[in-house]
Amino acid sequence: MNDMKELSRLIGELKEQIDACTRCGMCQSVCPVFSETGRESDVARGKLAMLDGLVQEMFKNPNGVSDRLDRCAFCGSCAFHCPGGIHVLEIFIKSRSIISGFIRLPWYKKIIFRWMLASPRIFNFIITLLQPFQKVFIRPANPFIGTSCSRVFSPILKQRHFIPLAPLPFHQMVPSMDTPPGSAGIKVAFFTGCIVDKFFPHVAKAALNIFEYHGIGAFLPEGLGCCGIPALTSGDMKAFHQLIRSNIEKLDLSRFDILVTPCATCTFTIKKIWPLLCQHKAETLKHRIEKLSSVTMDISEFLVKHIHLKASSVSNHPLTTLSYHDPCHLKKSLGVFAEPRTLLRSVAGYTLKDMQNADRCCGMGGSFNLNHYEISTRIGMRKRDDIVDTGCAVVATGCPACMMQLSDMLSKAGDKIKVKHTIEIYSESLK
């Protein structure tokens, strides 16, 4: 009964938001998926029209609606450019919440999300077991970028050039941390995120180096898990809420001032999605989530707004051309785009050259890349062309998922362009 009441409430909210859309079609010009397929059902306007039908006849074909929603990179371009200010991403996320109540999650997804992902201890243990065996199944693809590819055809790996699992994940390097504020007088909680932890631990180490250099206290509780966005976008609300509860229990708000993450999607999820989907939770939990979201920041935004950056010194070497890709969730959903560039411009030895369409989606989209790799690749190759046109030697970004996608595209094209996180570049300047 309670589940049905919750579904009825969500449907009512969804109907009201969908009716606000005038179907003007502005989203067609900015949707990366529509630009590749030309299908009306792949653009926000088409999905909203379809969802209007779901509200009216929700029991008829929820699986079909779910499949249509799945063809979305969740980049937020439609919402960012919508002249009516329609919160399209919010509508799509609530739609998944509704649909999850009417379709049965496949058994393998239940295992992945509820048994593995929702339990950091089990998830980390399984990844640790897999790491030594990956060399049997993969081979180097582009050593300059650091990518690998599958030795044999795999339905998951396909033709990808991917970043392999790190020899040692960050949570094994630094299981926990609790250092007092130094000269900065600020203490942060550090939310690493799954991809940084398991594929880019050097990015997390760069963050700790920055904290130490600037006298920033750091709180890293043991056992933090995924932010929950993979489970949410796959329609597993149970695993999503389980992860929220697990993480919020470990993030004692009395022990830090600001929560920072090096992942644009984690920042967006904690800051925007957690409070959005927890409005009807118990008052105590709701208050803690809202409080945490209010102090959550992207790490580049935090450094620029709260810390006196190291003064850039004059380099005695030729300047290296650097470009920057705006992660969708960072710019379009959180409005953070000037701060990463400020951080990069503070580093001697680089000259920043903006690419064309710097904020165009790279095509990753998490599960979208897994389910629709061909479309994801076509979108990604457009981004690759924009990067190459700058003549840069390094491309930076603030999202580890974007780093994976950019590495894939550049590697397959045979390019020799380094892909780095913004804070890696700044951290290197502190040596």
TODO: Please enumerate the residues belonging to segment 69-112 that are polar (S, T, N, Q) and not in a loop (DSSP other than H, G, I, E, B).
DONE: Ser77, Ser95, Ser97
Task: Near pairs, Cβ below 6 angstrom, 6+ apart or cross-chain, from segment 382-411 (assigned by TED's automatic domain parsing to the domain that holds Asp326 and in a helix (DSSP H, G or I)) to any residue that is crowded, with 24+ Cβ neighbours inside 10 Å and of a type in the set (Phe, Trp, Tyr) - done: Pro400/Phe200
TODO: Output the number of the condition that Ile195 fails; it satisfies all remaining conditions of (1) over 19 Å from Asn369 (Cβ atoms); (2) among the β-branched types (Val, Ile, Thr); (3) outside any loop (DSSP other than H, G, I, E, B).
DONE: (1)
Task: Matching entry among Ile156, Ile127 (being assigned to a loop (DSSP other than H, G, I, E, B), over 22 Å from Asp42 (Cβ atoms) and touching a residue at least 24 places away in the same chain (Cβ under 8 Å)) - done: Ile156
TODO: Give the residue that is surrounded by the fewest Cβ atoms within 10 Å (Cβ to Cβ), with candidates limited to residues of segment 128-160 that are among the aliphatic types (A, V, I, L, M) and touching a strand residue (DSSP E or B) at 6+ places or on another chain (Cβ under 6 Å).
DONE: Leu157
Task: Selected residue (criterion: surrounded by the fewest Cβ atoms within 10 Å (Cβ to Cβ)) from residues of segment 168-198 that are farther than 19 Å from His308 by Cα and among the hydroxyl-bearing types (Ser, Thr, Tyr) - done: Ser176
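The values are calculated or read from the model by the stated rules, or taken from the named source; none is laboratory data. No experiment lies behind these values; they were computed from the predicted model shown. Positions of Cβ are generated from backbone atoms using ideal geometry, with glycine treated the same way; all protein chains shown enter the neighbour counts.
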